[in-house]
Amino acid sequence: MVARPDSVVAMPGPVALVGSGEYLPVMRPIDEALLEGRSSKVILLPTAAGQEGDDRVSYWLELGVAHFLEMGMDPVPLRVLTREDAELPDVVAEVAGAGLIYLSGGSPAYLSTTLRDTPLWKAITDAHATGSALAGCSAGACALTAVSGGFRNPGQPAEPGLSLIPHLAVIPHFDRFDARSPGLVGTLLERTGPDLTLIGIDEETALVGGPEHFEVMGRQAAWWLSPDEERTRYGAGTKLRLSPGGTPEVL
């Protein structure tokens with residue numbers, strides 16, 4: 001465990017909005033960057049898969065444990081599948097001292113509904129505010145922004161996200177969904193409104209930083225989806241300022 005000097009004022013940790021690929025070897029450089037200078041304790045939350053059955057939940061937890069053990073970290077799997085789970089004092093207490101808290105994939109709406117206004121979500125946001133890194137992949141990425149999903153079923157009403165990054169909405173798996181559903185961007189732009197910036201994040205790629213300053217990391221790219229549906233590509237290594245409802249600024 002890496003201790004912070006007493007003289008250092010705690011700052012919010014980085015946020016990673018990940019398009020896909022949680023716990024895969026290709027994402028290891030991003031996870032290493034998130035954990036640099038932080039505790040080796042990694043909290044794994046499979047909550048978004050809570051409606052998919054025990055086998056799927058176990059898959060995510062086992063994959064995450066193996067991934068972070070291989071990195072020399074100390075993974076702590078938390079089987080939080082309901083709001084009742086998110087209110088258990090023993091579960092909430094586990095968040096203390098985490099270097100990284102990771103929300104894996106599934107249903108973004110279910111993830112947001114399950115965590116919103118719970119003691120666990122408060123513990124997560126408190127930990128992040130004092131330096132813990134926070135990552136959300138696919139559903140987890142959506143839930144950390146203003147809009148919780150809609151990319152799989154654009155005909156359904158958009159659900160609010162947890163709004164840790166309140167001025168963004170994201171489409172994870174963007175390279176795959178944009179090719180498969182050409183009208184998806186227009187539909188989601190209509191639902192997000194002018195005050196939000198809509199960003200597509202390709203698979204095995206992440207936006208890392210926050211709340212406004214981010215770097216594109218990973219194998220592919222992030223895309224600004226303008227109100228007139230134009231796509232602007234930002235490759236790995238690009239540093240951006242993403243302000244509410246505005247054009248991204250390359251730094």
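Below is a table of values for the structure above.
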item	result
Radius, Kirkwood style, for segment 1-96 when every pair of distinct Cα atoms is counted (Å)	14.8
Euclidean distance between Cα centres, segment 8-73 to segment 174-251, Å	22
Loop sites in segment 56-150: GluC sites (Glu not before Pro), DSSP, at most 16 other Cβ within 10 Å	GLU84
Computed Rg/Rh of segment 156-251, alpha carbon atoms with Kirkwood Rh	0.93
Calculated diffusion of segment 15-250, Stokes-Einstein form, Kirkwood radius summed over Cα pairs, 20 °C and 1.002 mPa s, µm²/s	123
Relative contact order, percent, the chain [alpha-carbon distance under 8 Å, six or more residues apart]	20
Percent of beta bridges antiparallel (DSSP, the chain, rounded to nearest 5)	50
Over segment 110-251, relative contact order from alpha-carbon pairs under 8 Å, at least 6 apart, %	16
Debye log10 I(q)/I(0) at q = 0.20 Å⁻¹ for segment 82-205, Cα point scatterers	-1.08
Nearest-ten-degree value, helix 119-129 long axis tilted from longest Cα axis of the chain	80
Electrostatic dipole magnitude of the chain [Cβ: Lys, Arg +1; Asp, Glu -1; Cα centre; debye, to 20]	260
Net charge of Cβ neighbours under 12 Å - reference GLU203; Lys, Arg +1; Asp, Glu -1	-3
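Any read-out appearing in this document is the output of simple, stated calculations on the displayed coordinates, not a laboratory observation. These numbers were taken from a predicted model, which means no experiment stands behind them. Using ideal geometry, Cβ is built from the backbone for each residue, glycine included, and neighbour counts are taken over all protein chains shown.
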